[in-house]
1. Restricting attention to segment 9-31, does a residue exist that is modelled with pLDDT of 90 or more, open to solvent by less than 50 Å² (accessible area, probe 1.4 Å) and within 18 Å of the chain's Cα centre (by Cα)?
2. Please identify the pairs in which a residue from segment 32-51 that is within 24 Å of Arg105 (Cβ to Cβ) has its Cβ atom under 8 Å from the Cβ atom of a residue that is open to solvent by 70 Å² or more (accessible area, probe 1.4 Å), counting only partners at least 6 apart or on another chain.
3. Checking Leu56 against (1) in contact with an Asp or Glu (Cβ under 8 Å, 6 or more places away or on another chain); (2) open to solvent by 10 Å² or more (accessible area, probe 1.4 Å), only one condition comes out false. Which one?
4. In segment 68-112, which residue that is in a strand (DSSP E or B) and among the β-branched types (Val, Ile, Thr) is surrounded by the fewest Cβ atoms within 10 Å (Cβ to Cβ)?
5. On the given criteria, is Arg138 out of contact with any Gly (no Cβ under 9 Å at 6 or more places or on another chain), in a helix (DSSP H, G or I), in contact (Cβ under 8 Å) with a residue 40 or more places away in the chain and open to solvent by 10 Å² or more (accessible area, probe 1.4 Å)?
6. Among what's in segment 36-67 and is farther than 22 Å from Arg146 by Cα and part of a strand (DSSP E or B), pick the residue that is nearest to the chain's Cα centre (by Cα).
7. Against the conditions (1) crowded, with 18+ Cβ neighbours inside 10 Å; (2) free of Cβ contacts under 8 Å to residues at least 24 places away in the same chain; (3) not in a helix (DSSP H, G or I), where does Ala153 fall short? Just the number, please.
Amino acid sequence: MAARFAGLVCLVSLIGVVSAQPVKPHRDKPLASKDGAKMFKAESWKRVHAAAEKLLQDAGTDFVIDTIESVPKITADQAKKMTLEEKEKLFHGLVSDRAKADGLRGVYVLISKSNPKYLYVGSTGDAHFPSGEASKIRVALLAGIRDKKADEALIKVVNLALEAKGLGEK
């Protein structure tokens, strides 16, 4: 279900619950996350890959973060004219296409640096990812990017995702 929001964010999450029983991974290795917009330092980005591996192996949940410079085939003029609803529809389509193509069962974060500048957090219902946690991920990333502390926010997001599935550091 799509959640209403202000600014440049969209959150799509189907309500899930944390499973008390171990879940068998549905793939051998995690889906690749890509920092195409080079928004994060390499050291911070390594944490994304480690978390994706742990979430897949221990909880059967995919965790993907992609950053892009801009949405292909969208010009700066087109992006400026887009309404919030148009951006939501565009990003929902991009995330849905990736989820279907890769058989994603989990959380997908897509950040576009420009044309249009947008941050989208989605989770599939079969991820059993608590909807409130997806909102925390969105808020943490937005605040970090806005405050020029993107790497700190990325690490916080990784920890939030792990904690949401009961895999955080104890």
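1. Scanning segment 9-31, I find at least one residue that is modelled with pLDDT of 90 or more, open to solvent by less than 50 Å² (accessible area, probe 1.4 Å) and within 18 Å of the chain's Cα centre (by Cα), so the answer is yes.
2. Ser33/His49; Gly36/Glu69
3. Only one criterion is unmet by Leu56, namely (2).
4. Going residue by residue through segment 68-112, those that are in a strand (DSSP E or B) are 68-70, 106-112.
Subset that is among the β-branched types (Val, Ile, Thr): 68, 107, 109, 111.
Numbers: Ile68: 19, Val107: 27, Val109: 24, Ile111: 22.
By that ranking, first place goes to Ile68.
5. Yes; evaluated as a whole, the condition is true for this residue.
6. Out of the qualifying residues, it is Phe63.
7. Answer for Ala153: the failing condition is (3).
The values are calculated or read from the model by the stated rules, or taken from the named source; none is laboratory data. Keep in mind that this is a model prediction, so the values were computed, not measured. Cβ: placed from backbone, ideal geometry, glycine included. Neighbour counts: every protein chain shown. In case anyone asks, the SASA skips ligands and DNA or RNA and just uses the protein heavy atoms, side chains included. Shrake-Rupley method; radii C 1.70, N 1.55, O 1.52, S 1.80 Å.
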